[in-house]
Amino acid sequence: MTFDSREDPGPAPDFDSMATPDDTAATWRDLTDRLTAAQVAQLERLEHAEPQMLLQMAQRFAAENMTEAVLFEDVAPPAGAARTFAWQLDGGGKWFRDFEGPTRRVGRASVHIYGRQQADGSSQRWITMGGRGLDAFDAASARQLAAALADAADELGRLG
């Protein structure tokens, strides 16, 4: 049997249905064996919400988990990543996932390392700063913030 490229290959796979091909789940809790601990915790925090919405969220999470397990099982999280997010397709059809590195807190300010990992395992990182009252610092607080930024920059340099 040969494939004629002019033939319609049919619809693209639906990851939601692939994750739960003959799903008879009545509630999101029926899918907990397909969810991460963080996903279960998130759904538990939203337990007051409409049950059908929670079930759909759990089905989407399960589909994302399956995608990750099938397509990216050999891609380790980036060094220093404290949290990784679901794999996504960019506008050019390439897979990536965002991640968070460590956070340093100085008073009401925080210094974060964030990044993006490509499907080949490569990643880019950057530093962000956030918080309230970032427009005025006394000398001691400014030195602490400068030290936190320098520490984050050193880590960024080590990790690449």
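Taking one quarter of the surface of the C-alpha convex hull of the chain gives a mean projected area of 14.5 nm². Which residues make up the longest stretch of the chain clear of trypsin sites (Lys or Arg not before Pro) that lie in a DSSP loop with no more than 14 other Cβ atoms within 10 Å, not counting the sites? Answer - 7-93. With loop membership from DSSP and a limit of 10 other Cβ atoms within 10 Å, the longest segment of the chain without GluC sites (Glu not before Pro) is 74-160. For the chain, relative contact order (Cα pairs under 8 Å, six or more residues apart, normalised by length) works out to 15 percent. In the calculated pair distance distribution of region 109-160, what percentage of Cα-Cα distances lie above 16 Å? The calculated P(r) of region 109-160 puts 49 percent of pairs beyond 16 Å. Taking the fewest neighbouring Cβ atoms within 10 Å as the starting point, the ordered list for Asp151, Asp90 is Asp90, Asp151. What's the longest bit of the chain with no exposed chymotrypsin sites (Phe, Trp or Tyr not before Pro), using DSSP loop states and at most 16 other Cβ atoms within 10 Å as the test? Answer - 4-71.
FYI, it's all coordinate maths here, none of it is from the lab. Quantities reported herein were computed from a predicted structural model and do not represent experimental measurements. With ideal geometry, Cβ positions are generated from the backbone for all residues, glycine too; neighbour counts draw on all protein chains shown.
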